[in-house]
Each structure stands twice: as structure tokens, then as C-alpha cells.
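The structure under discussion appears below in the form of C-alpha cells.
The values are calculated or read from the model by the stated rules, or taken from the named source; none is laboratory data. None of the values given here were measured: they were computed from a predicted structure. Cβ placement follows ideal geometry from the backbone for every residue including glycine, while neighbour counts extend to all protein chains displayed.
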Amino acid sequence: MKQSNLFSKTRKEAPNDEASASARFLIRGGFVEKIGAGIYAMLPLGLRVLNKIEKIIAQEMDAIGGQRILMTALMPKKNWETTGRWSSLDVLFKIEREKGESYALGATHEEEVVPLVQKFVYSYKDLPFSVYQIQTKFRDELRAKSGLLRLREFSMKDLYSFHADEAGLDVFYEKAKDAYFKVYERTGIKDKTFLTFASGGSFAKFSHEFQMITDAGEDIIHICKKCGLAINKEIKEEYPVCPECQCAEFEEKKAIEVGNIFKLKTKYSDPFNLQFTDKDGQKKLVIMGTYGIGLTRLMGAVAEAHHDESGIIWPREIAPFDVHLIALNSTDEAVYGKVKNAADKLYFDLQKAGLEVLYDDRAEKSAGEKFKDSDLLGIPSRIVVSEKTLQKDSVEQKNRNSKDQKLILLSEADPRNL
């Protein structure tokens, strides 16, 4: 994409009402635009990042047998009344019609997925299986803040697994843990993310959160110094030692939740009477698990984890582009013509080699402005074509996460290695 055609623009100053670094850089870089408290529009650059996160998550959910579906955003009131959450879930957005059925905007989808599955599950032969979706969720958060880290409208992956017994749930639960860490590895935050014990409520002894260490976090976790597992603040007093290794030494850190998994067991299959017939002809309730990752929150968390004073440093697999190609201007029109011709050809060659390229072809911008924008946008590799580099038949290449830069001869440059 040519940067001159990009409708969103970078900003020199951060908004006054954004406290987190991720929100300031995402808005300044033209990745997102704030519409209201907890409500952000995805601009072209931001959507490219979000789509890549979605692709990674979908691949890892497919790898453990998840089948992708898409449920509705409008959910009938009667479903929520069946579970009692129409009146008890305080973040629910409700749509009360003057005539006819009332609805809730989907904050979570247990109330839809269970009656949906009920239409297809009859026998133990229909189990186990899992379904997932990636969809917009709506929650009336009282404390919408920190940019993408706490939203009222957000993109989320929610997966639901269905089993004949708890042993089957346990096996899948461990697969889901592994899949989540693969997601965090590919999005560049695995080394900062800890499996964290949390309360399981009335249906399990524990649930698990995946907490990423960050000063912008609103959670407190206690990390076991021996095995690296963590306990969140709400259950730490109940468990003074690590539930896994019984170590009593912990390190306290601020963190943001980037995923969670729950063993629901029969919490939602019971009110909907989701049953199956076992091998002996007996009716039994289906056992369930649920597994969530907020895509927009993950995007914000990555930006929070990977930035410096100049902007974001995107991990390569989710960066909006692979290469930021910059053509520097010259007051000599003939020289600038040569620079532009060389940059145009390189733009074509890089794309032909399969790389995604943002080409800064803006004639009115100075070298300093272009370099500042490049650091702000955080694309992994920067290539500069200028009068100076062409004098040596070269281009200048620099990685965003490094201060080192090098000259590469145009005749020897392999676009796949830039």
C-alpha cells in the first residue's frame, strides 16, 4: 500500500484522556480511533493487525478440533431467564421492544450455544466436540478505560467444548491450555504471560486466567518462584502456597488478563436440560468447558508489551506490514526522480516476493517526519532509498527492534531477506 493513499494519518500528540501507552500509540499511529468511552473504530492499519490475530487464533483453535461457527449478537430474553442471568448479569445491554420479544446484546454466548447444540446432540456417539466463534461482544463496563484493554464493544473468540464425562473435559482442557500458549507465542507475549489460578465459582475449584505482566495492568498476580504458575489476588489468601508445587515464595506483579478457560461442567447444560444417552441407555447431562480470548484486548496488550518511547514495535507475525519502504525527497528533481524510480521498482519486487509493504511515497514529507512515522507505526523492517544510498547503489535497512542499520547493494539484495 502507498502511504499517500492511506486515509488515516499519524498524529504528533497523544489524546489527553488516554493513560495507557498502548492507547496513545495506537491512536497516534492511526490504528484505531476513539468513538466513545470503551468504543473504538478499527482503521486500516489496526484492522490488518486484528485480522492477523484472528487468523492465528482460528488456526490454533482448528488445530485442537474446534469447529468455527457464528452465532447471533441479538439473543432472546427467554434464554437469559432460563439461566437467571437476565437479572443477575450487571453488564448486560438489554433491548426492550415495545411489542414482541426482548433481547440482550451478546456479552457471552452460553445462553445461545447450549440450546443450539441441543438440536444436534442425542447420543454419546455425538460427543465430544467443540465449537468456537470470533464475534463482537457487548458489555456495559462501568470502568471502560486503558484503550483496548477494557472495552464496552470488543472482538472475542469464545470456544465451547461438550463431553460425555469429566475425564474427557480434562483432556481437552489441557489441549486448550497448550493452544493458548501457542497463540501468545505467535503474538509475541508468551514470555510475559503466566497461567494463573483463579476462583472457579460454584462449578469448579479453579478456573484459569492467562495474565500478561504489564505496568498498565489492573490485576495483581502472585507468581510462584519455583514453577512459574501464578495465583490471582482474589484467591491468594485461601492458597498461601502454590497449588502445583506447594512452594510458598511468590513475586507480586501487575498484569492484564489476555485469556481465560473454565470447566463449566453442568452449570449451563442443567438449566437447558442438555442431555445425551450413554452406552447403557441412561440419560446424562452433557459436561462443558468454555475458553475465551479477547482479540482487541490482545492487540492492546501486545502494543503495551512491545513499545519504546517512539512507538509500537510489532511482532513480525501480526505487524500490519512486513516492510516499511521509504523514499527520501531531494530538492533536485532529477535526483528525486532516480530515487522514486528505484523505490517504485523495489516496491514491485518486494510485493512480487510475497512481502506486505507500506510504501512511504509522500513527496511533501521530510526525512525526519518519515522516520518518526516509521518508528511510531512499528513495522518490523525499514528500507530507505535516498540520494545517499543510490550513490553506493544500495538501500539502507534497519529493523524496528534494533538501532543498527546497514547498507545492502541493490544488485545483491534478496527481497525475501529484507
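So which residues in the range 59-83 are surrounded by fewer than 15 Cβ atoms within 10 Å (Cβ to Cβ) and over 23 Å from the mean Cα position of the chain (by Cα)?
Leu74, Lys78, Glu81
Looking at the structure I just gave you, is Val117 touching a residue at least 60 places away in the same chain (Cβ under 8 Å), closer than 16 Å to Gly66 by Cα and over 23 Å from the mean Cα position of the chain (by Cα)?
yes
Would it be correct to say that Tyr359 is over 30 Å from Ala23 (Cα atoms), buried (at least 19 other Cβ atoms within 10 Å of the Cβ), of a type in the set (Phe, Trp, Tyr) and not assigned by TED's automatic domain parsing to the domain that holds Val49?
Spelling it out, it is not the case that Tyr359 is over 30 Å from Ala23 (Cα atoms), buried (at least 19 other Cβ atoms within 10 Å of the Cβ), of a type in the set (Phe, Trp, Tyr) and not assigned by TED's automatic domain parsing to the domain that holds Val49.
Test of understanding: among Ala248, Ala255, which residue is among the aliphatic types (A, V, I, L, M) and in a loop (DSSP other than H, G, I, E, B)?
Ala248
Quick one: Trp86 ticks every box in (1) crowded, with 17+ Cβ neighbours inside 10 Å; (2) touching a residue at least 40 places away in the same chain (Cβ under 8 Å); (3) over 28 Å from the mean Cα position of the chain (by Cα) bar one, so which box is it?
Among (1) crowded, with 17+ Cβ neighbours inside 10 Å; (2) touching a residue at least 40 places away in the same chain (Cβ under 8 Å); (3) over 28 Å from the mean Cα position of the chain (by Cα), Trp86 violates only (2).
Only helices (runs of 4 or more DSSP H) wholly contained in the range 301-418 count here; list those with 1 or more residues that are in contact with a Gly (Cβ under 7 Å, 6 or more places away or on another chain).
In the range 301-418, 367-377 are the helices (runs of 4 or more DSSP H) which contain 1 or more residues that are in contact with a Gly (Cβ under 7 Å, 6 or more places away or on another chain).
Report yes if Lys190 is in contact (Cβ under 8 Å) with a residue 60 or more places away in the chain and out of contact with any strand residue (DSSP E or B) (no Cβ under 9 Å at 6 or more places or on another chain), otherwise no.
When the stated conditions are applied, Lys190 does not pass them.
Return the pairs, sorted by first residue and then second, in which the second residue is surrounded by 13 or more Cβ atoms within 10 Å (Cβ to Cβ) and among the β-branched types (Val, Ile, Thr), the first residue lies in the range 64-80 and is assigned by TED's automatic domain parsing to the domain that holds Leu105, the beta carbons are less than 6 Å apart, and the residues are 6+ apart or on different chains.
Gln67/Val131; Ile69/Val131
Of all the residues that make up the range 333-378, how many are closer than 21 Å to Pro44 by Cα and of a type in the set (Asp, Glu)?
6
Need the failing condition index for Glu257 against (1) crowded, with 19+ Cβ neighbours inside 10 Å; (2) of a type in the set (Asp, Glu); (3) touching a Ser or Thr at 6+ places or on another chain (Cβ under 7 Å), just the number.
(3)
Inspect all residues belonging to the range 183-190 and state whether any of them is assigned to a loop (DSSP other than H, G, I, E, B), of a type outside the set (Gly, Ala, Ser) and closer than 15 Å to Ile293 by Cβ.
yes
Looking at the range 228-246, is at least one residue of a type in the set (Phe, Trp, Tyr) and more than 30 Å from Thr277 (Cα to Cα)?
The answer is yes, given that some residue of the range 228-246 is of a type in the set (Phe, Trp, Tyr) and more than 30 Å from Thr277 (Cα to Cα).
Can you run down the residue pairs with Cβ atoms below 9 Å, 6 or more apart or on separate chains, where the first is in the range 224-248 and in the same structural domain as Ala198 (by TED's automatic domain parsing) and the partner is hydroxyl-bearing (Ser, Thr, Tyr) and not in a loop (DSSP other than H, G, I, E, B)?
Once the first residue is in the same structural domain as Ala198 (by TED's automatic domain parsing) and sits in the range 224-248, its partners that are hydroxyl-bearing (Ser, Thr, Tyr) and not in a loop (DSSP other than H, G, I, E, B) give Leu229/Thr196; Ala230/Thr196; Ile231/Thr196; Asn232/Thr196; Asn232/Ser199; Glu234/Ser199; Ile235/Ser199; Glu238/Ser199.
Table: residues versus (1) modelled with pLDDT under 95; (2) within 18 Å of Ser310 (Cβ to Cβ).
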{"site": "Ala334", "(1), (2)": "yes, no"}
{"site": "Glu356", "(1), (2)": "no, no"}
{"site": "Gly368", "(1), (2)": "no, yes"}
{"site": "Glu396", "(1), (2)": "no, yes"}
{"site": "Ser402", "(1), (2)": "yes, yes"}
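Please find, among Ile27, Ile39, Ile35, Ile56, the residue that is loosely packed, with under 15 Cβ neighbours inside 10 Å, within 20 Å of Ala301 (Cβ to Cβ) and in the same structural domain as Thr296 (by TED's automatic domain parsing).
That would be Ile39, the only listed residue that is loosely packed, with under 15 Cβ neighbours inside 10 Å, within 20 Å of Ala301 (Cβ to Cβ) and in the same structural domain as Thr296 (by TED's automatic domain parsing).
Suppose we filter Lys157, Lys125 for residues that are over 21 Å from Ile231 (Cα atoms), in the same structural domain as Pro240 (by TED's automatic domain parsing) and crowded, with 21+ Cβ neighbours inside 10 Å; which single one remains?
Selected residue: Lys157, the only one of Lys157, Lys125 that is over 21 Å from Ile231 (Cα atoms), in the same structural domain as Pro240 (by TED's automatic domain parsing) and crowded, with 21+ Cβ neighbours inside 10 Å.
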